[in-house]
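Some notes on the structure that comes next.
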Amino acid sequence: VRSSTDDTGTLTNSNPLVNQLFSNIQWGQRGNLLSIPTDCPQRDERLGWTGDAEFFFRTATFNGKVDNFFRKWLRSLGDDQTARGGIPSVIPDIFFGASADYACGWADCATIIPWQHYRAYGDISVLRDQYPSMKAWVDFQLGACNNYLLNTLDQPFGDWLFWSQDNDRSGRSAVTSKELCAQCFMAGSIGIVAKSAELMGKAEDAAYYRAELAKVRKAFMNEFVTPNGLVSSDTQTAYVLALYFDMLPTELRQQAADRLAANVKSYGNHITTGFLGTPHICEVLSEYGYTDEAYKLLLQETCPSWIYPVKLGATTIWERWNSIKPDGTIVGGMNSFNHYSYGSIGDWLYRYAVGIRETSPGYKTFVVDPHPGGGFNFMEASTRTPYGKIRVKWEADSDHIRAIEVCIPAGTTASVHCPDGEVRVLGSGNYGFGVELE
């Protein structure tokens, strides 16, 4: 039983384990979109946890027609926003304001979901409708700052359910500063409000928030980054958030990505991020030339990893990396076997592995830029946009693309990275390109 959000996305490939992972992502979405986006459809929760919805939203837009479903939920978010501009941790707010209304990452759904909604569906009215809520949220955060540092609010969650080591005597648990996380998400929200204001012709607001954003980033650099570029906490999540939210100057970005890739390697190509870092780690790796490392994370079969639950028979996404331990023990207390947050890897599969990325709202223009790797022989995906269905299939030998097929909807233009190295700008139609590989 679920809300009627039509299935619109497909993804298949040459690896049966990744096919099962994608099926788990889809079933996690189906099981959790029931009137509201729930965190899980069982046990004592079944609540509209804001963070879970935000982390998974972009994947959801590929998999299903969720535009109206989330418009409805965003209206509820605005209704339940507290007088000071905070966002309760669950929407609808069944706790009546008793839960934290300032949890970084969770509360930032007030800005991130409307912006991603606009990018996916091309309807600027979502920004117009939510702008008062978005603005109130960032104004509350800026008002709570101490010299532009958001270290005055005791963050309740941080990088929730990051990887930790039992009886950790050597400091290998991947603990990331909650204040660092909050600073990054605050910057992200301020940037979204500035861009939204500019789109709606609110030039004065746009200029104000751009100036505030520069001060927030400067405070981040002074507080959390050494002169040599080491980001405090030195965790995967710390580097992912610093890079994803553009917190670092240009000259420090690549070396931060290098540190991230080295960290992944130091954990034996295992992911250690929690709810805040996981949605963007593979994207950041690919953006900075480390797609091979992203595939190593995707295909890792031992815990913590995405494939580990698949190998144990999972049919939906687990809440914890180790909801079931290698010895078969089920983790007690808070535990769910249908919790879609870590299914956010679906976004990277669509946008980077297959290569479908919008370059203007609603996919009026988009790029097809596959990132092959991981020994895949082929990968194929489709999704329905406001203009019609986009479909891409690539075939590869030794991680080099030898053939690509593309379906471009009417009224759109795509820049297609072809196997011969050329980028061709194409209008609507069906196309195929191939090369001979030695």
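Spin-label model, MET200/TYR267: points 7 Å from Cα along the beta carbon direction are separated by 3.8 nm. If R0 is taken as 30 Å, the Cβ-Cβ distance between ASP139 and ASN335 corresponds to a FRET efficiency of 0.20. Projected label points at THR12 and THR365, each 7 Å from Cα along the beta carbon direction, are separated by 3.3 nanometres. Per residue, the solvent-accessible area of the stretch 8-89 (1.4 Å probe, heavy atoms of protein chains only, all protein chains present) comes to 33 Å².
Averaging 1/r across all pairs of distinct Cα atoms in the stretch 47-155 and inverting the result yields a Kirkwood radius of 14.0 Å. Each label point was placed 7 Å from the Cα along the Cα-to-Cβ direction; for VAL1 and ARG357 their separation is 4.2 nm. The ASP168 and THR226 beta-carbon pair, evaluated with R₀ = 22 Å, returns a calculated FRET efficiency of approximately 0.35.
Computed packing ranks the peptides 107-118, 205-216 as 107-118, 205-216, most packed first, by mean other Cβ atoms within 10 Å.
Values of log10 I(q)/I(0) for the stretch 312-438 across q = 0.13, 0.17 Å⁻¹ run -0.63, -0.85, by the Debye formula with one identical scatterer at each alpha carbon and no solvent. Protein heavy-atom surface of the chain, 1.4 angstrom probe: 49% of the accessible area is carbon and sulfur, with nucleic acids and ligands not counted.
Accessible surface for the stretch 257-349, divided over its residues, is 33 Å² per residue with a 1.4 Å probe. When the stretch 20-88 is described by a simple charge dipole with +1 on each Lys and Arg Cβ and -1 on each Asp and Glu Cβ, the residue from ILE87, LEU47, GLY28 located farthest towards its positive end is GLY28. Quick one: check the C-alpha center-to-center distance for the stretch 372-438 versus the stretch 260-280, whole angstrom. Cα centres, the stretch 372-438 to the stretch 260-280: 29 Å.
Summarising the overall dimensions of the chain from its C-alpha atoms, the Rg and Dmax are 20.9, 65 angstrom.
The values are calculated or read from the model by the stated rules, or taken from the named source; none is laboratory data. A quick note: this is a predicted structure, and the numbers were derived from the prediction, not measured. All Cβ positions, even for glycine, are placed from backbone atoms using ideal geometry, and neighbour counts span all protein chains on display. All accessible areas refer to the heavy atoms of the entire protein, side chains included, with ligands and DNA or RNA removed. Shrake-Rupley method; radii C 1.70, N 1.55, O 1.52, S 1.80 Å.
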